[in-house]
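The values are calculated or read from the model by the stated rules, or taken from the named source; none is laboratory data. Note that the structure is a prediction, hence the values are computed from the model and not measured. Glycine gets a Cβ as well: all are built from the backbone with ideal geometry, and neighbour counts include every protein chain shown. Keep in mind that these areas ignore ligands, DNA and RNA; they rest on the heavy atoms of the full protein, side chains included. Shrake-Rupley method; radii C 1.70, N 1.55, O 1.52, S 1.80 Å.
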Amino acid sequence: MSRRIKKGRDINGVLLLDKSSGCSSNSALQDVKYLFNASKAGHTGSLDPLASGLLPVCFGQSTKIAQFLLDGDKRYFVRGKLGQVSDTGDSEGELSEYGSTKDVDEPTIKSTLLNFVGEIKQVPPMYSALKREGTPLYKLARKGIEVERDAREVSIHEIVFKSFDRDILSLEVSCSKGTYIRTLIEDIGKSLGCGGYVIELRRTGFSHFDISQGKTFKDLEALKEDSFSNLDSVLIGTDKMLPTLTSVYLNLEQSNDIKFGRKITFSGLDIDQKVKLYDEQKEFIGIGQSNDLSEVLPKRLFIK
């Protein structure tokens, strides 16, 4: 029986892609994977086709930490059109009139925004990737089917008013995972009595990273013209994507035990605390989790 030949390069690390608007997250992923000639890649924290901005792309073994990146806070720049609503929450949907913006001004908007800072509840939009009995809601929405959705609690850390001109409201929003900016603009518009929908959305921050650190596809193409080495230089070490996790350095015996999937004794950690594991050579080897017996168990390992 012949062995399956792996296609592409075995590379590890995370790319902070500055995704352009007009393409899906998966389409952007496939383009980047092809450009890097990578054998394995996946994205985390997907963006709508309308949205641009930071989209972390994980290569190789770094895909094992994708789920941990989803917990990071996000920052967005958003422009919303007031006075109308959209059935999709953005400019790609069918528009309808909602209310007049005649009495809407900067002081009124700033006062209203205060009601949306802190812990708030949002009803997820029908045009979202949330699933109902295995079917994404957006697929149901495209068939004209609307189902009841439970409100979810999210955190809006900060909303910065940027401008309001010709019914276009511009904001900067810092928020927790699971926040729907389209829903936020809709709710702000309805609270103002005029309605609103998103016409531009850009993710400017992801966890502790900023849009200035992102690379566009054109940037990457230019780097590849020189060499794969230059292209690979933009990749971030997997452990650098997890700044909030405590680093645990193991000796040779502990490293060997962890690599074989065995738990090790390690005191001084909180119960169920996730940690970054480094071997005796101080190389990152994965993520562990403590228990109530002063032990660390392997959670996600990077085995060469």
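Residues in region 119-145 that are over 20 Å from the mean Cα position of the chain (by Cα) and either farther than 15 Å from E186 by Cβ or of a type in the set (S, T, Y) (or both): R132, E133, G134, T135, K139, L140, R142, K143, G144, I145.
If the condition is being under 21 Å from N12 (Cα atoms) and acidic (D, E), then region 233-279 contributes D239, D279. The residues on offer are L293, L297, and the sole one that is in a strand (DSSP E or B) and either surrounded by 15 or more Cβ atoms within 10 Å (Cβ to Cβ) or over 23 Å from the mean Cα position of the chain (by Cα) (or both) is L297. For region 265-288, does any single residue satisfy the condition of being modelled with pLDDT under 95, part of a helix (DSSP H, G or I) and either open to solvent by 40 Å² or more (accessible area, probe 1.4 Å) or closer than 30 Å to Y98 by Cα (or both)? No, region 265-288 contains no residue that is modelled with pLDDT under 95, part of a helix (DSSP H, G or I) and either open to solvent by 40 Å² or more (accessible area, probe 1.4 Å) or closer than 30 Å to Y98 by Cα (or both).
Okay, residues lined up against (1) touching a Ser or Thr at 6+ places or on another chain (Cβ under 9 Å); (2) farther than 28 Å from L220 by Cα; (3) touching a residue at least 60 places away in the same chain (Cβ under 8 Å):
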site	(1), (2), (3)
G13	yes, no, yes
L16	no, no, yes
D31	no, no, yes
L35	no, no, yes
S62	yes, no, yes
L70	yes, no, yes
V78	yes, no, yes
G83	yes, yes, yes
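The lone criterion from (1) open to solvent by less than 70 Å² (accessible area, probe 1.4 Å); (2) under 24 Å from S24 (Cβ atoms) left unmet by S155 is number (2). Can you find even one residue in region 105-112 that is among the acidic types (D, E), closer than 26 Å to E153 by Cβ and open to solvent by less than 80 Å² (accessible area, probe 1.4 Å)? Within region 105-112, not a single residue is among the acidic types (D, E), closer than 26 Å to E153 by Cβ and open to solvent by less than 80 Å² (accessible area, probe 1.4 Å). Scan region 97-104 and tell me whether some residue there is at negative phi, under 20 Å from the mean Cα position of the chain (by Cα) and surrounded by 14 or more Cβ atoms within 10 Å (Cβ to Cβ). Checking region 97-104: not a single residue is at negative phi, under 20 Å from the mean Cα position of the chain (by Cα) and surrounded by 14 or more Cβ atoms within 10 Å (Cβ to Cβ). Could you check, for region 62-75, whether at least one of its residues is modelled with pLDDT of 95 or more and of a type in the set (F, W, Y)? Scanning region 62-75, I find no residue that is modelled with pLDDT of 95 or more and of a type in the set (F, W, Y), so the answer is no. Restricted to region 15-32, and to residues there that are out of contact with any Gly (no Cβ under 8 Å at 6 or more places or on another chain) and over 13 Å from D48 (Cα atoms), the residue that is surrounded by the fewest Cβ atoms within 10 Å (Cβ to Cβ) is Q30.
Filtering region 175-223 to residues that are aromatic (F, W, Y), under 30 Å from D105 (Cα atoms) and either part of a helix (DSSP H, G or I) or open to solvent by 40 Å² or more (accessible area, probe 1.4 Å) (or both) leaves only Y180.
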